[in-house]
Amino acid sequence: MLVLPEALRGELHEPFGPPVTTKELLKIAASSPKPLVSVGDECLSSLISGGIVPDIMVFDFKVKRKEISQEMKKRLAPFVKEPYVVLSDAGRISDDLLVALDRVLGEGRGAIFVVGEDDLSALVIMAYAKSGPLVSGQPDVGAVVVPLGDEGVMERAAGILSRMQKA
């Protein structure tokens, strides 16, 4: 398990990609190479509402640590088939989450439901995924689109992961 120390939290406030509107998000997602990866319920809901189903989805049925509405759950449910279900608390990346991420990235498709908090899974994806865009929610910024496989993105994400505490 990896634990995010307080000293690293500030680094995560700087987005890995530019903030985009929902309209821009849908345009980018529709024309991007596969796999399309989505982390976070708000982004996943926006994509699905716009007719785009990501190849890889990581979600926790929460937005800003508050439970999403039943309406949003119903909108997402038909598209989330047989997800890996893993426990990973806020500020942590559990071993089970790491295993599930490795599997879906290796297969190029799949869903992961995180009981706890999904946010830090984006770091693992940015550090190890070789292609496609990542669509992720950035608190108080909105959605960001990150080019996976970009050397600078991979180095920055891996650098943060390497400084997390092993528990």
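The values are calculated or read from the model by the stated rules, or taken from the named source; none is laboratory data. Not measured: the values here are computed from a predicted model. A quick note on method: Cβ atoms are made from the backbone with ideal geometry, for glycine too, and the neighbour counts reach across all protein chains shown.
Couple of notes before you dig in:
- Cβ pairs under 8 Å, 6+ apart, first in region 10-24 and in contact (Cβ under 8 Å) with a residue 40 or more places away in the chain, second in a helix (DSSP H, G or I) and among the charged types (D, E, K, R): Phe16/Arg156
- When Glu67, Glu82, Glu11 are checked against the criterion of being over 13 Å from the mean Cα position of the chain (by Cα), among the acidic types (Asp, Glu) and within 14 Å of Leu120 (Cα to Cα), a single residue qualifies: Glu11.
- Residue check for Ile68: at pLDDT below 95 and of a type in the set (A, V, I, L, M): yes
- One residue stands out among those in region 71-83 that are surrounded by 11 or more Cβ atoms within 10 Å (Cβ to Cβ) and part of a loop (DSSP other than H, G, I, E, B): the one that is modelled with the lowest pLDDT, which is Val80.
- Figure legend. Inter-residue proximity from region 35-61: first residues closer than 10 Å to Val135 by Cα, second residues of a type in the set (Phe, Trp, Tyr) and part of a helix (DSSP H, G or I), beta-carbon distance below 6 Å, spacing 6+ or different chains. No pairs are indicated.
- Of all residues in region 21-64 being charged (D, E, K, R) and under 17 Å from Val124 (Cβ atoms), the one that is surrounded by the fewest Cβ atoms within 10 Å (Cβ to Cβ): Asp55
- Unmet requirement for Arg92, which otherwise passes all of (1) modelled with pLDDT under 95; (2) basic (Lys, Arg); (3) surrounded by 17 or more Cβ atoms within 10 Å (Cβ to Cβ): (1)
- Between Val115, Val86, Val124, the distinction of being in a helix (DSSP H, G or I), over 19 Å from Leu47 (Cα atoms) and in contact (Cβ under 8 Å) with a residue 12 or more places away in the chain belongs to Val124 only.
- Whichever residue in region 19-45 is part of a helix (DSSP H, G or I) and touching a strand residue (DSSP E or B) at 6+ places or on another chain (Cβ under 7 Å) and, among such residues, is farthest from Ser88 (Cα to Cα): Ile28
- Residue check, Val104 of a type in the set (Val, Ile, Thr), in contact with a helix residue (DSSP H, G or I) (Cβ under 8 Å, 6 or more places away or on another chain) and buried (at least 18 other Cβ atoms within 10 Å of the Cβ): no
- Look at (1) modelled with pLDDT of 95 or more; (2) in a loop (DSSP other than H, G, I, E, B); (3) in contact with a helix residue (DSSP H, G or I) (Cβ under 8 Å, 6 or more places away or on another chain) and you find that Val58 fails only one, number (2).
- Only one of Ile93, Ile56 that is within 17 Å of Gly116 (Cβ to Cβ) and touching a strand residue (DSSP E or B) at 6+ places or on another chain (Cβ under 7 Å): Ile93
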